[in-house]
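Here's the structure, in C-alpha cells; my notes come after.
Rule-based calculations on the coordinates, nothing more; no lab input. Not measured: the values here are computed from a predicted model. So basically every Cβ, Gly included, is an ideal-geometry build from the backbone, and we count neighbours across all protein chains shown.
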Amino acid sequence: MSLDRAAWSWTEHLRHGGTTTWAAWVAAARDRDVAVPAGWHPPGAAQLELVRRLADRPAARPLLAAGTFHRLADLVLQRSAPGRGMAPAPLAWPAPATLGPGFGAPPADPVDVPRAELVRVGVGVLAELLVRSPGAPAAARLPRRRPLSRPFQLCGAPVTTDAVRRSLAVAGQVAGGRPPQVVLLAEPLDEALAQVWSARVQDGVPVRWRGFLDRWARRAARGELPPSVDYPALAALWAAQVGPERVHVVAAPPDLATAVSTVATALGLPPARGRRRRCPAPQWQPLSAEGVDVLRRVGAVLGVRVAEPEHRRAVRRLAGLLAQQRPRRLAVPEEHRPWVARCAAEVAAALREGGYAVHGDLERLAQLRAGVPTGPRAGAELGLVLDGCARLAAQELVGEAEPR
Amino acid sequence: MSDAGTGRTVTGRTVLVHVGAPKTGTSFVQDVLWLNRETLAEQGVLYPADRFDEHFLAALDLMDLPWGGLERQAVGAWDRLAERVRGWTGTVIVSHEILAIASRQQVRRALDSFGECEVHVVLSARDLARQIPAEWQENVKHRRTLGYRRFLDSITDPARTGELASWFWGVQEVPDILDRWGGRLPPGHVHLVTVPKPGAPRDLLWRRFASVLGLDPDALAPETDRSNPSLGVPETALVRRLNQRVNHGVLVGDDYRLFVRELLAHRTLSRRVGSPRLEVPPDVRRWAGDLSDSWIGTLATRGYDVVGTLEDLRPDPVGGAEGFTDPDRPDEAAVADAATDALVALLEEVTRLHESQRRLEVEVESLHVELERSRSLWFRFKRRVVLVAGEHRTVALALGVYRSLRGRSSRSA
C-alpha cells in the first residue's frame, strides 16, 4: 500500500459522494489495484475533509441525486484556500511512517483539520461559485405609491426598518409623500449596532464585529453613533421638519409582525386590501452573526476577484442564501458593554424628553442582552458554509430554483 | 541572452519569476527593474508594470489574498500581467516576494498562464538567524503586537499551528518554496540567489541578482534608495507599543500605512543610528543552525543553479559584537529617546498638514462666494419652494405635479 495510491482512491471515493474517513479508508486498504495518474499530487487535508463533510449535508442531496457532486468536489479540490491561514497540510500516513521530506507543513489526519481552516476553504468555494454567477442586479425600487395615500417615512435600525418598510409596501402602503408622519424604529442599542454591522457587511464592507465595535467605541466617546441608530438625532432632524407631534417612536418591538402592526397603528394606516404587491428583495437580509461573518469573509475574497457591480450582486446573492427568518441574537462583548450601556441610557432619556409619541417601552432600549454569544461561532459558521456551497452548487449545477 | 553567472543560454521566449523571499533585497531589485524598465525593454527584456506595485497586486490576485483593502485594485491583475507576458517575444521578469507562499495549485495556474515559454524560477534567500528578526519586525510594521519571544515560540513549534507560523514558513522555508515553484521545472531552471554574509562587498548581492536575471550590473548601476529599511531594538519596541494603542479603532489601514509605517518607521525611526540591532537569542541561533544544516544538505542534492554559495545560508554561530538585546525588555531610556524623535516628526507633519488645511479653507470659502454670485434668482426661488414643500402639503402636491409634468424621475431626499 502506498500513500499516493491510497490518497488517489480515497479522493475518487470522496468525489463521488463517499463519506469514509481517511483513517478508515487506509485501515481497509482498498487501493491495491488503482493506478495513480502521472504527475498527480494529493489535495490538501482540509480540501479533502471539506468534500467529505459536504457529501454528508442534506443540502448536497440534489447534487448526489443528479450525479454532479463530483463537479462541486473538483471545485473544492482544485483550489487553494484564500487569504491567510495554515499551509495546505499533506495527508498523514500511519506507521510504519514513511519519513517526509523534513520540510513543509506537518501532515494531518483530515478529521483533525481545525474548523477555521475548513471554513476558509469553503469561503473560497463560495466565492468561486459566486464569481461564476454573481446573480441578477437588485431591483432598487419599491412599488409606486398610490395617489392620495397617507404620507409617511420610516427610519431607525436598518434591518428592522427595511423589513417593516417592505412588509407595508407588500400590503400596499409605500413610504413617501409630504409632509410625512415619521416612525422611528428603535431597537435596543446592542441589537441596533449588530444590525448596522450586518448592513455594512451586506453593503460589501468586510469589517469584523469587534473591529466595528472598536471604531464606534472611540466615536461614541465623542458623542457619535452610527447615523441610522442615532435615534435622538434622527428624531430631532424629522421633528425640525414636520414637528415633534408627527414623530412616533416604536421602541424595541419583540418581532417583525409586532413592529409592522405597531407602525400601522401609529400611522393610522388602513388594513391591507386587494392583492399583495410585488416587492424587490430586501435591501438588508436578516442574518445571524455567523451569517454576517461568512458574508464578510466571502466579501473580502470577492474583493480581489470581481469589481463592482458584480461584487455587490454576488454579496447580495449570498446574503439572500444565508438569510434566516429569526436569526440568533448577538450581544456586545464584555469590554464594550460599558459604553454601549451608557449610550443606550442616554438615547432612551433623549427620546423620552423629545415629546414624541412613544409606542412600547423606552426602558427596553437600554437593556442589553446577556447570556448570549458575543461573536460568531466557528461550528455554526462551518455549517453555513457547507450548506451555502451545496445550495449554490445545486443552483448552478442542477438548476435548482433560487430561494426567494 | 547569455548569462554570465550561470553559463546557461536562453533562446526564444523566457520568463524569469522571482518569487522572494521577503527581506532578501527584493524591494531593491524591483526598484531597479521599475526605474529601468524602458531601457530594459529596448534590450528585449520586459518588466511588465505601469505602476511600481503591479506585481504585488498580481500576486494578491493569483492567491486570492485580501490585503487591507488594497486587493480591490488587484481584480484581474494576474491575468493582465500574464497577457503581457504572453505578448512579449523576448525575456520577461516577474518579481514579488509574497509569491513565495503560493500553493501548488496557484503555482500551476501562474506557470500555465505564461503559455508556451521557458520558465525560470528565482528565489533569493538569507540565513535564518537574520531572517527571523527581520520577519518579526515586518510583522510589527504591519500592526502586530505579538512579543518577540512569543513569535519565536510560534515559529519554532513543529506543529506550525496558527497563521503566523504558516506565513513565516510559507515565505522562508527555502526547500519547500523551491519544491512548490520548481517541482515541474528542470533543476537548471531553478536559481537560488544567496544573500552574502555581513562584510561582503556592498554590490555583491546586486551582481548576483543581475547575473541570474541576465542584466548588466554596471549599466544598470542602482541609483535607487528604495529598500525595506530595518529598525533597531528600541525603535521596534516603540512601534509595537504604538500598535497596542492604535489598533482598536484609532487608525484605519490607510492612516496607519501613512503615519506609522511610512512616516514613523521608514522615514524617521529607521534613520536613527547607534541602537542595538535585532538578533535571535542564542537558543534560537543554535536551532536555526541545525535546521539550516539540513536545508543545505537537501539543496545540495537538488541540482539547482546556486548563485552565490549555500554556505551563505548557514547562520554564524555567534551574533554581533553587542550580543543579544531582548526587544521584549528594551532599555526604556532608549525607547523614550526614539519616542521623542517620533513626536518631533509627527509635529512637523501636523504643522505641514495644518498649513495645507488653512490654505484649502481659504480657497473653499472664495469658491463658495463665487458660486453664490453665479446662482440665478430663479434657482434661489426653486430652492425656497422645495424647502416650503417640506412643511406645506399643498405646496408639496403642486411641486409633485410640476415634477411629473416636467418628467423628472427623482425625488428630493
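If R0 is 30 Å, what FRET efficiency do you get for B:V386 and A:R146 from their C-beta distance, rounded to 0.05?
Numbers: r = 23 Å, r/R0 = 0.78.
E(calc), rounded to 0.05, equals 0.80.
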Based on the Kirkwood radius over alpha-carbon pairs, what value in µm²/s does the Stokes-Einstein equation return for the translational diffusion coefficient of the range A:79-225 at 25 °C and 0.890 mPa s? 120
Is there a simple number for the mean count of other chain Cβ atoms within 10 Å of the Cβ of residues in A:304-312, and what is it? 4
Using modelled amide H (1.01 Å from N, peptide plane; none on Pro or chain starts), what sits under 5 Å from the amide H of A:G360, excluding residues fewer than 5 places away? A:A251
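Scan the range B:328-413 for trypsin sites (Lys or Arg not before Pro) in coil per DSSP, keeping those whose Cβ has at most 11 other Cβ atoms within 10 Å, and list them by number.
Details: sites: B:R352, B:R358, B:R359, B:R373, B:R375, B:R380, B:K382, B:R383, B:R384, B:R393, B:R403, B:R406, B:R408, B:R411; in loops: B:R375, B:R408, B:R411.
Hits after loop and neighbour filter: B:R375, B:R408, B:R411.
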Amide H to amide H under 5 Å from B:L46: which residues, 5+ apart in sequence or cross-chain, H placed 1.01 Å off N in plane? B:T91, B:V92, B:I93
Pick out, in residue order, every one of the trypsin sites (Lys or Arg not before Pro) in the range B:267-297 that is DSSP loop and has at most 15 other C-beta atoms within 10 Å; say none if there are none. B:R267
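Mind ranking A:111-120, A:150-159 by how tightly packed they are, going by the mean number of other C-beta atoms within 10 angstrom, highest first?
Listed from highest to lowest mean packing, they are A:150-159, A:111-120.
Please give the average number of partner chain Cβ atoms lying within 10 Å of the Cβ of each residue in B:60-73, rounded to a whole number. Intermediate values should be presented prior to the final figure.
On the way: counts 2, 2, 2, 6, 15, 6, 11, 5, 0, 4, 2, 8, 8, 3.
Average per residue, whole number: 5.
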Cβ crowding within 10 Å averaged over residues, with A:13-25, B:139-151 ranked highest first: B:139-151, A:13-25
Let's see if you can work this out: charge +1 on each Lys and Arg Cβ, -1 on each Asp and Glu Cβ, no other charges. What is the dipole magnitude of the range B:245-384 about its Cα centre, in debye to the nearest 20? 1320
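Would you please give the FRET efficiency between A:R276 and B:D216, computed as 1/(1 + (r/R0)^6) with r the Cβ-Cβ distance and R0 = 56 Å, to the nearest 0.05?
Numbers: r = 77 Å, r/R0 = 1.37.
Efficiency computed from Cβ-Cβ geometry: 0.15.
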Which of B:Q137, B:P186, B:W169, positive extreme of dipole for the range B:120-188 (C-beta unit charges): B:Q137
Cut-off under 20 Å on the C-alpha distance; same-chain residues fewer than 8 positions from B:K141 excluded. Which lysines are left, in chain and number order? B:K23
Between A:T258, B:H96, A:Q285, whose Cα lies farthest towards the positive end of the dipole of the protein assembly as shown when Lys and Arg beta carbons carry +1 and Asp and Glu beta carbons carry -1, centred on the Cα centre? A:T258
Using a 10 Å cut-off around each Cβ of peptide A:70-83, what is the average number of partner chain Cβ atoms that fall inside? 2
State the answer as a single residue: which of A:L148, A:A194, A:Y356 lies farthest towards the positive end of the charge dipole of chain A, with beta carbon charges of +1 for Lys and Arg and -1 for Asp and Glu, about the Cα centre. A:L148
Stick to the Cα atoms of the protein assembly as shown, pair each with every other, and give me the Kirkwood hydrodynamic radius in Å at one decimal. 30.5
Using helices alone, what [θ] at 222 nm do you get for chain A, with -39,500 (n - 2.57) per DSSP H run of 4 or more residues, divided over all residues and rounded to the nearest 500? -15000 deg cm²/dmol
Distance in nm between label sites at A:E363 and B:Q43, each 7 Å beyond Cα in the beta-carbon direction? 8.2
CD proxy at 222 nm, helix term only [per DSSP H run n ≥ 4: -39500 (n - 2.57); per residue of chain B; nearest 500]: -15500 deg cm²/dmol
